[in-house]
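Colleague: This is the structure, below, for whatever I ask next.
The values are calculated or read from the model by the stated rules, or taken from the named source; none is laboratory data. Note that the coordinates shown come from a computational prediction; the quantities given were computed from them, not determined experimentally. Glycine also receives a Cβ, built like all others from the backbone with ideal geometry; neighbour counts cover every protein chain displayed.
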Amino acid sequence: MIRHLVHLRFKDDVSDEEKATLYRDLAGLSGHIEGILDFQSRSNVSVETDLVRGFNDMFWFDFRDESVRDVYLVDPAHQKVGGRIVAKTVNGPDGVFVCDIEV
């Protein structure tokens, strides 16, 4: 299984409602792409604020395997919501950190 972790540094003016909408749209990919096992989103509650560097939000997908992750990466629906997310982060792509791990 591949866990696709995405940490986000949203702009200050992005509301909790906007974040919830983005996460809802991401969660909808589970019914769109076969092999997505789970989707979760959370807020970072670390007290190590200097190390967090503003990455206060995150989400992850659990994919059955690398092939499902690869389908997700090029999927047009993912690309669309991903573009909306990047537009809401500090300095665009600099406000996104991605890490894939085997679980």
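Colleague: Which residues, taken from the range 34-60, are of a type in the set (F, W, Y) and either under 22 Å from D94 (Cβ atoms) or more than 17 Å from the chain's Cα centre (by Cα) (or both)? Step through it out loud before you land on a result.
Modeller: Narrowing the range 34-60 to residues of a type in the set (F, W, Y): 39, 55, 59-60.
Within the range 34-60, F55, F59, W60 meet the criteria.
Colleague: Of the conditions (1) among the β-branched types (V, I, T); (2) surrounded by 18 or more Cβ atoms within 10 Å (Cβ to Cβ); (3) under 12 Å from the mean Cα position of the chain (by Cα), V98 clears all except one; give me its number.
Modeller: Tallying (1) among the β-branched types (V, I, T); (2) surrounded by 18 or more Cβ atoms within 10 Å (Cβ to Cβ); (3) under 12 Å from the mean Cα position of the chain (by Cα), V98 fails exactly one: (2).
Colleague: Which one of these is surrounded by fewer than 16 Cβ atoms within 10 Å (Cβ to Cβ), assigned to a strand (DSSP E or B) and of a type outside the set (A, V, I, L, M, F, W, C): Q79, Q40?
Modeller: Q40
Colleague: What pairs come up if the first residue lies in the range 27-47 and is touching a residue at least 40 places away in the same chain (Cβ under 8 Å), the second is surrounded by 15 or more Cβ atoms within 10 Å (Cβ to Cβ) and not hydroxyl-bearing (S, T, Y), and their beta carbons are under 7 Å apart, counting only those six or more places apart or on different chains?
Modeller: L29/I36; L29/H78; I33/V68; I33/V71; I33/D75
Colleague: Determine which single condition V45 fails, assuming it passes every other condition in (1) of a type in the set (V, I, T); (2) surrounded by 15 or more Cβ atoms within 10 Å (Cβ to Cβ); (3) under 21 Å from E17 (Cα atoms).
Modeller: Checking V45 against (1) of a type in the set (V, I, T); (2) surrounded by 15 or more Cβ atoms within 10 Å (Cβ to Cβ); (3) under 21 Å from E17 (Cα atoms), the one that fails is (2).
Colleague: Next question. I'm trying to understand the selection: among the residues of the range 77-95, which are touching a residue at least 60 places away in the same chain (Cβ under 8 Å), in contact with a Phe, Trp or Tyr (Cβ under 9 Å, 6 or more places away or on another chain) and under 18 Å from L29 (Cβ atoms)?
Modeller: Scanning the range 77-95 gives I85, K88.
Colleague: Follow-up question, since we're still on this one. Please pick out the residue among F59, F10 that is of a type outside the set (D, E, K, R), under 19 Å from I101 (Cβ atoms) and surrounded by 13 or more Cβ atoms within 10 Å (Cβ to Cβ). Before you say what the answer is, go through the steps one by one.
Modeller: Working: F10 fails: under 19 Å from I101 (Cβ atoms).
Of the residues listed, the single one that is of a type outside the set (D, E, K, R), under 19 Å from I101 (Cβ atoms) and surrounded by 13 or more Cβ atoms within 10 Å (Cβ to Cβ) is F59.
Colleague: Only residues that are in contact with a His (Cβ under 8 Å, 6 or more places away or on another chain) and either over 23 Å from G92 (Cβ atoms) or at pLDDT below 95 (or both): list them for the range 63-81, please. Full working, then the answer.
Modeller: The first filter runs over the range 63-81 and keeps only residues in contact with a His (Cβ under 8 Å, 6 or more places away or on another chain), leaving 63, 69, 72, 75, 77.
Result: F63, single match.
Colleague: Of the residues D65, D50, D13, which single one is charged (D, E, K, R) and in contact (Cβ under 8 Å) with a residue 12 or more places away in the chain?
Modeller: Working: D50 fails: in contact (Cβ under 8 Å) with a residue 12 or more places away in the chain; D13 fails: in contact (Cβ under 8 Å) with a residue 12 or more places away in the chain.
Answer to the check: D65.
Colleague: So T89 fits all but one of (1) of a type in the set (S, T, Y); (2) exposed (fewer than 13 other Cβ atoms within 10 Å of the Cβ); (3) within 22 Å of D16 (Cβ to Cβ); what number is the exception?
Modeller: (2) is the only condition that T89 fails.
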